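Colleague: The structure under discussion is supplied below as structure tokens; questions concerning it will follow.
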Amino acid sequence: MPGSGCTSTSGLPTTAGTAGWHFTGQEELADAIADGLAASKRGDEETATARLGRAVALAHQAGNTETARLLARVVDVLDEAAGTVALKRKVDAADEMALDTRSTKTVRRSPGQG
């Protein structure tokens, strides 16, 4: 897209496009975690597994090791890249709260980190 600032002439994302992807990727990660935890609380294991699995895959793709570590406390990760998980039968409430809090925390990034 000439003039958009989001892609180069090669069609690859530029810095502006990458920063935008990072924001939307983090937003999707936070939504997946929130949806998965809410589904788990209401007993919807299918949705919880799917959404938390998506969160695992997104955290892996983003290199977000802290969130991946917290997710591993509430799900058994079978394939990180594919987002294949199994819900843990016994989850410590503190671990669930830490994951929920982390998923809603705004992380400010300095210029050049995006």
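The values are calculated or read from the model by the stated rules, or taken from the named source; none is laboratory data. Nothing here was measured: the structure is a model prediction, and the numbers come from that model. Neighbour counts are summed over all protein chains in view; Cβ atoms, including those assigned to glycine, are modelled from backbone coordinates with ideal geometry.
Colleague: Surrounded by fewer than 16 Cβ atoms within 10 Å (Cβ to Cβ), within 16 Å of the chain's Cα centre (by Cα) and at pLDDT below 95: does that describe D31?
Modeller: Values: surrounded by fewer than 16 Cβ atoms within 10 Å (Cβ to Cβ): yes; within 16 Å of the chain's Cα centre (by Cα): yes; at pLDDT below 95: yes.
So D31 fits the description; yes.
Colleague: Within segment 79-102, restricting attention to residues that are of a type in the set (V, I, T) and under 14 Å from I33 (Cβ atoms), which residue is surrounded by the fewest Cβ atoms within 10 Å (Cβ to Cβ)?
Modeller: The initial filter retains those residues of segment 79-102 that are of a type in the set (V, I, T), namely 84-85, 91, 101.
From what's left, under 14 Å from I33 (Cβ atoms): 85, 91, 101.
Working: V85: 26, V91: 15, T101: 10.
Restricting to residues being of a type in the set (V, I, T) and under 14 Å from I33 (Cβ atoms), the top hit is T101.
Colleague: OK, next. Which one of these does L99 not meet: (1) in contact (Cβ under 8 Å) with a residue 60 or more places away in the chain; (2) more than 12 Å from the chain's Cα centre (by Cα)?
Modeller: Exception for L99: condition (2).
Colleague: Any idea how many residues of segment 54-75 are closer than 16 Å to A94 by Cβ and free of Cβ contacts under 8 Å to residues at least 24 places away in the same chain?
Modeller: 2
Colleague: Moving on. Return the total of residues in segment 45-97 being in a helix (DSSP H, G or I) and farther than 20 Å from E27 by Cα. Spell out the reasoning first.
Modeller: To start, the set of residues in segment 45-97 that are in a helix (DSSP H, G or I) comprises 45-62, 65-71, 93-97.
Of the ones still in play, those that are also farther than 20 Å from E27 by Cα are 45-46, 93-95.
The qualifying residues number 5.
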